[in-house]
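Okay, so here's the structure we're looking at.
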Amino acid sequence: MNRREFLRAGLLAGTGVLAGPMISRGHYQLFADDRRERRRYSSRAVELVGRSMVIDMLGLLTLDWPKLYAWQRDPRAFGSSDLQKLRDSGVRVFHPAVDPDDPNPYQAALGWLQGWNRLLTQRADSLVRIGGAADFDQIRSRGKVGILVGFQSSDHFRTVDDVARFSDLGQKVSQLTYNTRDRFGCGCFEEQDSGLTDFGAQVVAAMNQVGMAVDVSHCSERTCLDAIALSARPVLVTHSNCRALVSHPRCKTDAVLRALAARGGVMGITAVAAFVSPRRHATVEDLLNHFDHVARTVGVEHVGIGSDVDLAAADPATGRPLARYAVQGLAPARRVFDLTEGLIRRGYSDHAIELILGGNFQRVLGEIWSAEES
């Protein structure tokens with residue numbers, strides 16, 4: 001390793017990207033199991049991840065809910081090894097949104113926020129709340145992991161006034177509907193698509209006012225289009241895939257993509273196998289096709305990552321990999337590196353890859369949050 005390579009490795013290690021040994025000129029092994037699998041990452045890919053503000057707009061810290069609740073009850077349970085796993089993934093900002101599936105969604109949402117607020121306050125040495133554009137600077141300068149708190153449903157908004165209340169408590173993203181019809185509009189599995197309701201329109205306006213991002217990932221076609229047309233701020237699809245490639249209700253049509261992009265929005269691509277490929281075995285090349293489709297259809301400025309998985313993609317009880325996330329060639333703990341290598345293979349420029357890895361979401365979140373800061 002020459003002086004330049006040594007300095008590069010030290011820089012990447014300092015940013016949380018574990019720069020492992022350079023095993024051949026221009027390539028690294030980043031993880032212990034990479035040596036068994038002979039998995040190598042190019043210096044270009046490692047550098048790109050290391051200098052990018054990588055944002056996973058549906059990135060879960062863990063699918064082991066008892067472990068997460070333990071962290072939230074007693075933040076001391078979140079140890080240095082837990083932090084290191086997050087940092088080694090290359091993801092700098094996680095958006096661990098959930099659907100508060102509870103008979104009393106208002107109380108459930110309050111409890112969820114209370115848990116996150118406790119964890120983020122007491123582990124400020126490791127974690128930083130992302131609630132404004134300036135918060136990204138803390139991650140870059142201090143090597144912390146960012147947490148962007150949100151929900152995959154808006155059922156906890158009993159009235160329009162609740163939008164401001166939950167914003168004050170730390171919620172910065174809210175999905176209008178989950179998979180079915182609610183007071184705000186229609187979910188993607190509804191056969192009769194009646195679009196955004198009057199109450200939904202009021203909530204969108206209230207979210208615009210306080211600088212809370214409107215997410216339509218699980219919404220129906222018409223609800224998506226209605227929300228995008230009505231919103232004074234860009235709208236997000238934090239985690240979905242392309243209907244042109246996979247005919248699944250959770251995937252977005254080109255009409256939604258064009259409307260989203262025309263108003264400045266961004267769509268995060270998921271690693272959920274059923275949304276990635278209609279075939280039995282989804283591959284990382286199938287996944288990359290979705291990034292390509294968005295980039296060709298509306299521009300590379302409107303696509304990002306919303307993986308919809310944690311770093312293990314395994315059943316917490318058994319440790320066995322979950323078939324739902326079985327994408328050949330994509331290792332959950334190093335998915336950012338696998339995607340970056342794939343984007344390099346596809347001929348994307350460094351600038352375009354940095355936009356996809358997180359630059360696009362950082363930009364659009366800043367635009368949305370400027371409503372609150374103005």
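Within segment 217-238, can one find any residue that is assigned by TED's automatic domain parsing to the domain that holds His156, in contact with a Gly (Cβ under 7 Å, 6 or more places away or on another chain) and of a type in the set (Asp, Glu)? Yes, segment 217-238 has at least one match. Looking at Gln72, Gln107, just one residue is assigned by TED's automatic domain parsing to the domain that holds Ser240, exposed (fewer than 15 other Cβ atoms within 10 Å of the Cβ) and more than 23 Å from Leu355 (Cβ to Cβ), and that residue is Gln107. The residue that is nearest to Gly358 (Cα to Cα), counting only those in segment 193-243 that are touching a residue at least 40 places away in the same chain (Cβ under 8 Å) and charged (D, E, K, R), is Asp215. One residue stands out in segment 264-290 among those that are in a loop (DSSP other than H, G, I, E, B) and touching a residue at least 24 places away in the same chain (Cβ under 8 Å): the one that is surrounded by the fewest Cβ atoms within 10 Å (Cβ to Cβ), namely His281.
Suppose we filter segment 298-327 for residues that are within 19 Å of Cys242 (Cα to Cα) and not in a loop (DSSP other than H, G, I, E, B); how many remain?
Total satisfying the criteria: 11.
Yes or no: segment 356-370 includes at least one residue that is modelled with pLDDT under 95, surrounded by fewer than 23 Cβ atoms within 10 Å (Cβ to Cβ) and closer than 29 Å to Ala133 by Cβ. Within segment 356-370, one or more residues are modelled with pLDDT under 95, surrounded by fewer than 23 Cβ atoms within 10 Å (Cβ to Cβ) and closer than 29 Å to Ala133 by Cβ. Of (1) surrounded by 18 or more Cβ atoms within 10 Å (Cβ to Cβ); (2) at pLDDT below 75; (3) out of contact with any helix residue (DSSP H, G or I) (no Cβ under 7 Å at 6 or more places or on another chain), Leu60 satisfies all except one. Which? Status for Leu60: all satisfied but (2).
State all residues of segment 118-169 that are touching a Ser or Thr at 6+ places or on another chain (Cβ under 7 Å) and more than 23 Å from Asn208 (Cβ to Cβ); if no residue qualifies, say none. Listed by number, the residues that qualify are Gly143, Lys144, Val145.
Residues that are surrounded by 15 or more Cβ atoms within 10 Å (Cβ to Cβ) and under 9 Å from Ser220 (Cβ atoms) within segment 157-208 comprise Thr177, Arg181, Gly185, Cys186, Gly187, Cys188, Glu190, Asp193, Gly195, listed in sequence order.
The values are calculated or read from the model by the stated rules, or taken from the named source; none is laboratory data. Being a predicted model, the structure only gives us computed values, none of them experimental. Because the Cβ atoms are built from the backbone with ideal geometry, glycine has one as well, and the counts that use them run over all protein chains shown.
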